[in-house]
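Each remark here refers to the structure printed beneath this line.
The values are calculated or read from the model by the stated rules, or taken from the named source; none is laboratory data. Worth saying up front: this structure is predicted, and the values here are computed from it rather than measured. Reconstructed Cβ throughout: ideal geometry from the backbone, glycine too, with neighbour counts over all protein chains shown.
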Amino acid sequence: MSVPYDTPAYEPPDSPETPEEHLARFLGRALNSFELPDETISRLDCALAHDGSLHSAHHSAGLHRETYRHTWLLADGSALTLWELVHNTAPGSEPQHEVYVDEEELRTATARLPLPPDTQDFELPVTIRLSPPPALRQVYVPDRSADHARRLLRRAENTDRPGVETAELLATARAHRITQAFGRPSRTGRPGLSFSLYEHAFLLGDGGELSLWEVEHTVTPDGRHMCEVYGSEDAARDAMERRAAQVF
């Protein structure tokens, strides 16, 4: 009995595969992937990251069986787990792959395999190590996000604010977050002047991320607050520097 750490069907941890590529390969090798519920397939369409771990193994007299737990991190912040059964039904035969939506189905499928009943499984504790996807950096809140984006662009007073193309992308926003940005401060030489910089980050319908950078300041003739919106942090900070220079 041994644990197949060198099973060739599984990529090393540093594999350059994207979640989409891994999912396509995973479903393509499973003999029963067509039995997965449509809802499960639809949810996997927005997978952002994947982690797989060996759950148990059974080797005896040329027969083998391994079970793997696969977990995907989805764009809405939730996780979805599928169970994979890898086995051969005759000594020396090619491994077959099956996939199941829960552990109970996995146990049922495992019980029908022609393995000696007096051999103990080698069980491993399940450890999920989801590496954070590069696009999903913080928690997003679903709160009329497309409407928030429209209002933000509408109140921007700068003529070089993001245009129609950006507005169309933001119309698909389903969640967002707002954080105050810190770092390189802009100078003000007159009491009562203020600058604030905010990042409005949006989670789009396709799982992508888009940020708008809002500059709020009082460099106006009557001292009122003015809102400007830019498509990048650098552009926003450059605008803050230009406004600050106007007071000298």
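Can you name every residue in the stretch 142-182 that is within 19 Å of MET226 (Cα to Cα), in a helix (DSSP H, G or I) and without any contact (Cβ under 8 Å) to a residue 12 or more places away in the chain?
ARG151, ARG154 - these are the residues of the stretch 142-182 that are within 19 Å of MET226 (Cα to Cα), in a helix (DSSP H, G or I) and without any contact (Cβ under 8 Å) to a residue 12 or more places away in the chain.
Out of the stretch 207-248, which residues are touching a His at 6+ places or on another chain (Cβ under 9 Å) and more than 30 Å from GLU168 (Cβ to Cβ)?
Hits for the stretch 207-248 are THR218, ALA244.
Looking at the stretch 53-70 only, could you name the residues that are in contact with a helix residue (DSSP H, G or I) (Cβ under 9 Å, 6 or more places away or on another chain) and modelled with pLDDT of 80 or more? Full working, then the answer.
Going through the stretch 53-70, the residues in contact with a helix residue (DSSP H, G or I) (Cβ under 9 Å, 6 or more places away or on another chain) turn out to be 55-56, 58, 65, 67, 69-70.
Within the stretch 53-70, HIS55, SER56, ARG65, THR67, ARG69, HIS70 meet the criteria.
Quick one: in the stretch 154-205, which of the residues that are closer than 20 Å to GLY223 by Cα, in contact with a Phe, Trp or Tyr (Cβ under 8 Å, 6 or more places away or on another chain) and among the polar types (S, T, N, Q) is modelled with the highest pLDDT?
Out of the qualifying residues, it is ASN158.
Please go through the stretch 220-248 and give me each residue that is crowded, with 16+ Cβ neighbours inside 10 Å and at pLDDT 90 or above, ordered by number.
If the condition is that a residue be crowded, with 16+ Cβ neighbours inside 10 Å and at pLDDT 90 or above, then CYS227, GLU228, VAL229, TYR230, GLY231, ALA235, ALA236 are the ones that fit.
Looking only at the stretch 79-91, filter to residues that are at pLDDT 80 or above and surrounded by fewer than 18 Cβ atoms within 10 Å (Cβ to Cβ); which one of those is farthest from ALA49 (Cα to Cα)?
The initial filter retains those residues of the stretch 79-91 that are at pLDDT 80 or above, namely 79-88.
If we keep only those that are surrounded by fewer than 18 Cβ atoms within 10 Å (Cβ to Cβ) too, we end up with 79-81, 88.
Numbers: ALA79: 10, LEU80: 11, THR81: 12, ASN88: 29 Å.
This residue is ASN88.
Can you report the number of residues in the stretch 56-86 which are more than 20 Å from the chain's Cα centre (by Cα) and among the small types (Gly, Ala, Ser)?
5
Is there a residue being surrounded by 13 or more Cβ atoms within 10 Å (Cβ to Cβ), in a strand (DSSP E or B), modelled with pLDDT under 85 and not assigned by TED's automatic domain parsing to the domain that holds ASP206 anywhere in the stretch 92-100?
no
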